[in-house]
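First comes the structure, then the notes that go with it.
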Amino acid sequence: MGLANWQYRFKSLAWMAVLTAGLVNSPCSFAADGLLAEHGPLKVNLLSLTDFTPAEKTKMYQAAEVLERVVNSEEFRQAVLNFTYDGKKQFVDNKGMTNEQIYETIRRGNEVLIGKDDETMDYDLTLYTPPFWKKRTVVGYTYGNTLRIWVNRYYFTDYTLAEVAANLAHEWCHKIGFDHDFQRTARRPYSVPYAVGNLVGELAAKMLGITPPGNGNTMP
Ligand SMILES: [Zn+2]
């Protein structure tokens, strides 16, 4: 911890020096090693909740709080940095990024459609009740051209806070540009949305002292 802390302090001093020299005005500049020189806590912001009852809103706010605690934890950082696929430290469909770069991308909180490093996971959520014949087809869905995420009320109602947090993490990874196989392939659980969703689910369950969710293969 001592060394890590020292490195962190050193980096932030270096960053301040650059800032003072007036070379950058963005609060999220890169250090020479390509990692963020400094970042504050990653916030979770529920921009809008559509068609939620007051009780459902409360549950979603609690899940958002759990998510925020998990993504800011050292356990989460370690889990992302040390994630392996095929014997190597890597994610599937990683857009050419190392685990470190994926972690930094998450920390920047830059949704493709917002285009700003605001260190915030922004959510626009709509709860919907699917017709009974496709009650359990998907946990939720979203599209590339909108920030909105549609959440299936049947799953949301049954889910623990850890599972809701996992689903929020999965969907948000799409918002920062990561994708996965559409089909249920062997490699899909190692994609950023699935893997990060699963890590959040596991860590959240540990934090809450409840049974961890399964490996999330029902997520869209
Ligand atoms: Zn997905």
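The values are calculated or read from the model by the stated rules, or taken from the named source; none is laboratory data. Source: prediction; values computed, not measured. Please note: Cβ atoms are built from the backbone with ideal geometry, for glycine as well, and neighbour counts cover all protein chains shown.
Values for this structure:
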read-out: Checklist (1) over 15 Å from residue 42 (Cβ atoms); (2) touching a residue at least 60 places away in the same chain (Cβ under 8 Å); (3) among the aliphatic types (A, V, I, L, M) applied to residue 66, failing item; value: (1)
read-out: Number of the exception - residue 196 against (1) within 15 Å of the ligand (Cβ to nearest atom); (2) out of contact with any Phe, Trp or Tyr (no Cβ under 6 Å at 6 or more places or on another chain); (3) over 22 Å from residue 45 (Cα atoms); value: (3)
read-out: Unique match (being closer than 20 Å to residue 107 by Cα and either within 13 Å of the ligand (Cβ to nearest atom) or in contact with a helix residue (DSSP H, G or I) (Cβ under 8 Å, 6 or more places away or on another chain) (or both)) among 201, 140; value: 201
read-out: Spans of helices (runs of 4 or more DSSP H) in region 1-99 with at least 3 residues modelled with pLDDT under 50 and out of contact with any Phe, Trp or Tyr (no Cβ under 8 Å at 6 or more places or on another chain); value: 2-20
read-out: Sole residue being in contact with a His (Cβ under 7 Å, 6 or more places away or on another chain), in contact (Cβ under 8 Å) with a residue 24 or more places away in the chain and of a type outside the set (A, V, I, L, M, F, W, C), chosen from 107, 187; value: 107
read-out: Those residues of region 175-184 which are within 10 Å of the ligand (Cβ to nearest atom) and either farther than 27 Å from residue 59 by Cα or surrounded by fewer than 20 Cβ atoms within 10 Å (Cβ to Cβ) (or both), in sequence order; value: 179, 180, 181, 182
read-out: Breaking point among (1) away from the ligand (no atom under 13 Å from the Cβ); (2) surrounded by fewer than 19 Cβ atoms within 10 Å (Cβ to Cβ); (3) touching a residue at least 60 places away in the same chain (Cβ under 8 Å), for residue 158; value: (3)
read-out: Near pairs, Cβ below 9 angstrom, 6+ apart or cross-chain, from region 169-181 (outside the structural domain of residue 123 (by TED's automatic domain parsing) and acidic (Asp, Glu)) to any residue that is modelled with pLDDT under 95 and crowded, with 24+ Cβ neighbours inside 10 Å; value: none
read-out: Region 143-155, residues that are away from the ligand (no atom under 16 Å from the Cβ) and closer than 16 Å to residue 50 by Cβ; value: 153
read-out: Residue 206 vs. criteria over 20 Å from residue 134 (Cβ atoms), away from the ligand (no atom under 12 Å from the Cβ) and among the basic types (Lys, Arg); value: yes
read-out: Where residue 150 falls short, out of the listed (1) over 28 Å from residue 81 (Cα atoms); (2) loosely packed, with under 15 Cβ neighbours inside 10 Å; value: (2)
read-out: Long-range neighbours under 8 Å by Cβ, at least six apart or interchain, first residue outside the structural domain of residue 176 (by TED's automatic domain parsing) within region 134-149, second assigned to a strand (DSSP E or B); value: none
